[in-house]
Every structure is written in C-alpha cells, then in structure tokens.
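Remarks on the structure that follows.
Coordinate-derived values only; no laboratory data. As the structure is a computational prediction, the values presented were derived from the model and not from experiment. Cβ atoms come from the backbone with ideal geometry, glycine included; neighbour counts cover every protein chain shown.
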C-alpha cells in the first residue's frame, strides 16, 4: 500500500489534535476538510459560522465558491463515520487523567432547541424550543454530558423528530419521545465506558414516570428534578405535591448544606427528606427538597428532587452536589452555541446535521485537550532546574532539547472558562487566508 499523501498542517496545536483522527478518514480531502472545518469553528468570526463563514467566503455571492462547496460535500456527501469520530474523541478524553470520567461525576441528560427557517430541513417543525421559551419553528436535540467539579464535556447527541413529520404520527415506528431518546444516549454512554455516580436530569425527564421506571429497572442511579406544584392523586390526609409535603416539614428537620463553587465562594442551602407518593428516606426511592430559604421556598432556588441512591451512598449534601453539577450543561450550550456555531449549519439532511454537531463537539474537546496539555507544560517549566549534565560529546551547534513554547497571549494558570476564549487566544492570528484556501 502506498504511503498517505501528507495534508497541509492545521494552525498551531490543532494539528497535534487533528492528526489523531486521520486513521478514521479514507481520503486526503477528508483529512484536509476536517482540519478546515474544526479550525473554522474555533476562529473568531463577526457573523454566524455558516459554511461560507467557515471557508472565509462572502455570503450569497461566494456561496458556490470551491472552498465552500468542498466543506458542503464533506458534511453532506463524503463517506466518513461520524460515530467513529465521536468514539475517538471520547477515547482522547478518557486517556487523559485530567479529563477522564470518574465515578464521582454525573451523566447529565437534557435537550435544547434552536430556531430554523423553512420546512424541508430534517427534524425542523413547529415545536417547543427551550432557547426561546415558546413554540416556534426549529430543531431540538437531546444531549448527554459528563461533568464533575474539574471539567465537563458533551458525550452524545440525537435529534428529536416531532410526530407531525412522520406518516404515522406518534404511532409511527420511527417516533421516539425525548425520554426514550435519552435512554438510548445513556446506553451509548455506558457502552463507551463512561463512569458516573448518578444520572441527572431536570423536571422534563423527572416528571416522566416511564423514564424513571426504566432507570429503576436497569438499576441505574439517578437524581431527577420534579415540579413542586404539580398535584398527584393521594389520600385526603396525605400531601398531594412536593411543595405541599415540604411545607409540612418542621423547621428542625432541615439540615444545612454548604455548596462550594468553582470561583471559591460558598452558599448555605437547606435540605430535607420528604415522605409522599411512595417516596421516603427508608424506601427504594427518596424525595428531597433543597432551597436557599426554607421559609419562603423561592422558585428560582428551590429544588424538588427524587433519587434511588440510598442514604448510605448519598447524604443530603451529596444529592445536592450531584444535582448542582447539572448547571454545566447550560454552560456548555452557551459555549457551543455562542462560540462554536452549534445552530449555524447550512445543511438539510439528518446525516449532515449530526456530522456538524459532532464536529462542534470536536472543537469543544480540542479546547480541553489543549488546555490540559498546556497546564502540564507549565507545571514542568515551573519545576526547579535540573543540575548540569556532564558533557557527552555533543557535536558543536547541536540544539539542546527544549520545552514547548507557549502562546504568550494565554494567561498562565487560567482554566477553561470558555472554549471560544481559549481557541481565540490560540488561533486569532490564523485568519487570512481562509483555511480552505490553504490547500495545495
């Protein structure tokens, strides 16, 4: 077999990251376009990261230009396996102790929606979009994310297809509810070897009885949010909602819980066990309320949670810690959408949309990958100097081994506050010519 033709190098440290995906691409063009697409997502742009923006071309006028069409073909028609790329991405994260999933983290399940025009793009229809808080024309994706106090990163994603787009509606074999899709993502995370202490989800999934029963059936640990004011059938003398049960709790039954945040500050919350609707501290599933004010129970800072973790494995403070990690999924949406062009795709097919999302995940992962490698280099550079090594007959003018040179614009010791911010600092100088135009 002939040797592979080397492709143009990606800018800066992105090449060291991209080369680890090369065996998964069958052609020179695929390897080149992978680099161009990911670097385009990372570069700062003054407009949406559409295909023309990624190629550095003018919108509309240069939409048919060769660099744009190459990226279009790479996303829509080229023969490469997006799932294999995602598996490799997760392997890179698992191989690094700084980002490897541990059994103290959580598997966050969530969904997100974005506006999209027209009615010919796969999965696009009028449906509820969480990003705008109302029903509108758009696309919804169900996502999974791993998180702990050290780091967080997306795992898998699948689009939700509304019943109005299927011939048989909700009875169509291809129709799956969001909780059903979420269960598939959990299976994928387990197959990928992702460790976690609990599955965490908001009330959109916690309120779904079938979802909770499926987790119990497979003995999967969870911490799920519930709606406090939704009433359930119960005997007259029993509490009919989580809020009602909470207001019946004596003040002396509340326990103080200290929440510690990444910036160093702490908050005092209060938590208590609830007994209602088959939940209880001595039952298979527990109900817990956590709040900043046990008198007023403010809506924005009161959580009603259910979990199948026994008290021996998860105290009140531990349950609050686990659910508090769910906020990282909201942070990841902000970064992938505001910085990396999550919803800026200009393709219509299911395969192309899924590929775009995986490439966005690759750009997100690159930022963690580079950051952890950069910190290790810094740590080595701060170590005491080694004693002089006796001469070994090195030839004159032979260069000595040196530590890698870091970008002076990147603040030492800074952690990953935003993947876009780190990528901008690394790749800000690589703007012209556009990546696709550098192909030789």
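By average Cβ neighbour count within 10 Å, what is the ranking of 142-152, 310-320, 33-43 from highest down?
Values: 142-152: 21.6, 310-320: 16.7, 33-43: 25.6.
Final packing ranking: 33-43, 142-152, 310-320.
Counting only C-alpha contacts under 8 Å and six or more residues apart, can you give the relative contact order of segment 210-325 as a whole percent? Intermediate values should be presented prior to the final figure.
Working: 183 pairs, mean separation 30.2, N = 116.
Value for segment 210-325: 26 percent.
Over the residues of segment 299-375, compute the C-alpha Rg and express it relative to 2.2 N^0.38 Å.
Values: Rg = 17.8 Å, N = 77, 2.2 N^0.38 = 11.5 Å.
My calculation over the Cα atoms of segment 299-375 gives 1.56.
I need the peptides 50-61, 184-195 ranked by packing, meaning the mean over residues of other C-beta atoms within 10 angstrom, with the highest value on top. Mind dumping the intermediate values first?
On the way: 50-61: 19.2, 184-195: 16.7.
Per-residue Cβ counts within 10 Å, averaged per peptide and sorted highest first, yield 50-61, 184-195.
With equal scatterers on the alpha carbons only and no solvent term, can you work out the Debye log10 of I(q)/I(0) for segment 210-325 at 0.13 1/Å?
Calculated log10 I(q)/I(0) at the listed q: -0.49.
For a quick protection proxy, order the peptides 256-263, 22-29 by their average other-Cβ count within 10 Å, most packed first.
Working: 256-263: 12.0, 22-29: 14.6.
Per-residue mean Cβ counts within 10 Å order the peptides as 22-29, 256-263.
How would segment 87-146 be classified by its alpha-carbon gyration tensor: rounded, prolate or oblate, with rounded meaning a/c under 1.5 and the a/b versus b/c comparison settling the rest? Mind showing how you got there, number by number?
Numbers: a/c = 4.66, a/b = 2.39, b/c = 1.95.
Taking the square roots of the gyration eigenvalues as a ≥ b ≥ c, segment 87-146 is prolate.
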